[in-house]
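Below is one structure, written out as structure tokens, with a few remarks after it.
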Amino acid sequence: MDDLVALLDLERIEENIFRGVSPAESPVRVFGGQVAGQALVAAGRTVPVERRVHSLHSYFIRPGDPRVPIVYEVDRIRDGRSFTTRRVVAVQHGKAIFALSASFQLEEQGNEHSSPMPEVPDPESLPTWAEAAEGYSLHTSKFPRPIDVRYVTEPPWESREDGPGEAASRVWMKADGKLPDDPMLQLCIMTYASDMTLLDGVLARHGVYWGLDKVLGASLDHAMWFHRPFRADEWLLYDTSSPSASGNRGLATGRFFTRDGQLVATVVQEGLIRVIKSSPDGE
């Protein structure tokens, strides 16, 4: 967890330019949640602390190279009386790899309503990710996991054994350690974690999973709306589903609930998912 907090502590190079790095142990490309979280950190450091981010919209343009630093260039689009808008471009090797727009708002009071949280078992009653993944050769198992993830629904690497299933997934998740009392850090940790398990529903619907089947995938775009305060080091239910897949793209939606049933964030992502069919001769 300390490594993740350090990962999000960007180096300020200039007034609107920041630099971030990837973990020493990384997959072949930068994790999408990492670059999204770091970009949000960069945006947030140019905004007064009393203005909280309420939404972000982003595009993954090129795969990130974990061997070299990422430069984040912030454009101060607008500073209004109630809202502030920032645009961030992440650059490697002289080319944009990621672009994010984020909107920040002064706290206001108004009408309140939200969807109810599904009834689910407590996270303590569920196996850890490592326990659930035991016996499976998952390509992510060798990398550190700063987020504690516990599946409420059957993990997709298990459900694939029964073939195509429901295009949905539910997990409890939280930062695996105590975080500083910094609201912006809580938001950035959630942004990092929101890219985890989000496409599970797409995979489950077609009975496949990363590393166990010939599946190529990448995040294409990612949007989030933050509704209410929360702590990322306390249990959050991530309720996700996939309403559509077409053109080798899968759409996923997600909702974050606190343990007491408060809806605190909504997520939408489209991902590239190519399932490579084997030829009759096995090639």
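Of everything in the range 103-129 that's part of a helix (DSSP H, G or I) and surrounded by 11 or more Cβ atoms within 10 Å (Cβ to Cβ), which residue is farthest from the chain's Cα centre (by Cα)? The extreme case among them is Pro123.
Once the range 134-173 is narrowed to residues that are open to solvent by 50 Å² or more (accessible area, probe 1.4 Å) and among the small types (Gly, Ala, Ser), the residue that is modelled with the lowest pLDDT is Ser141.
Of the strands (runs of 3 or more DSSP E) lying entirely inside the range 1-101, those containing at least 2 residues that are free of Cβ contacts under 8 Å to residues at least 60 places away in the same chain span 11-14, 17-20, 70-79, 83-92. Restricting the first member to the range 233-256 and to residues that are at positive phi, and the second to residues that are assigned to a strand (DSSP E or B) and surrounded by 17 or more Cβ atoms within 10 Å (Cβ to Cβ), the beta-carbon pairs closer than 8 Å and six or more apart or on different chains are Asn248/Ile273. Would the range 55-65 turn up any residue that is more than 18 Å from Leu220 (Cβ to Cβ), open to solvent by 90 Å² or more (accessible area, probe 1.4 Å) and out of contact with any Gly (no Cβ under 9 Å at 6 or more places or on another chain)? For the range 55-65, residues more than 18 Å from Leu220 (Cβ to Cβ), open to solvent by 90 Å² or more (accessible area, probe 1.4 Å) and out of contact with any Gly (no Cβ under 9 Å at 6 or more places or on another chain): absent.
Residues checked against (1) touching a strand residue (DSSP E or B) at 6+ places or on another chain (Cβ under 7 Å); (2) within 20 Å of Pro180 (Cβ to Cβ):
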{"residue": "Leu10", "(1), (2)": "yes, yes"}
{"residue": "Ile17", "(1), (2)": "yes, no"}
{"residue": "Val28", "(1), (2)": "no, no"}
{"residue": "Gly32", "(1), (2)": "yes, no"}
{"residue": "Gly37", "(1), (2)": "no, yes"}
{"residue": "Val41", "(1), (2)": "no, yes"}
{"residue": "Val47", "(1), (2)": "yes, yes"}
{"residue": "Val68", "(1), (2)": "yes, no"}
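Within the range 201-226, the set of residues being of a type in the set (Gly, Ala, Ser) and more than 18 Å from Ser246 (Cα to Cα) comprises Gly211, Ala223.
Summed over the range 241-270, the residues that are within 20 Å of Ser125 (Cβ to Cβ) and either assigned by the TED database to the domain that holds Arg52 or of a type in the set (Val, Ile, Thr) (or both) give a count of 1.
The values are calculated or read from the model by the stated rules, or taken from the named source; none is laboratory data. Model, not experiment: these values are computed from the prediction. Here Cβ is always computed from backbone atoms with ideal geometry, including for glycine, and neighbour counts include all displayed protein chains. Remember, those area values only see protein heavy atoms, side chains included, never the ligands or the DNA or RNA. Shrake-Rupley method; radii C 1.70, N 1.55, O 1.52, S 1.80 Å.
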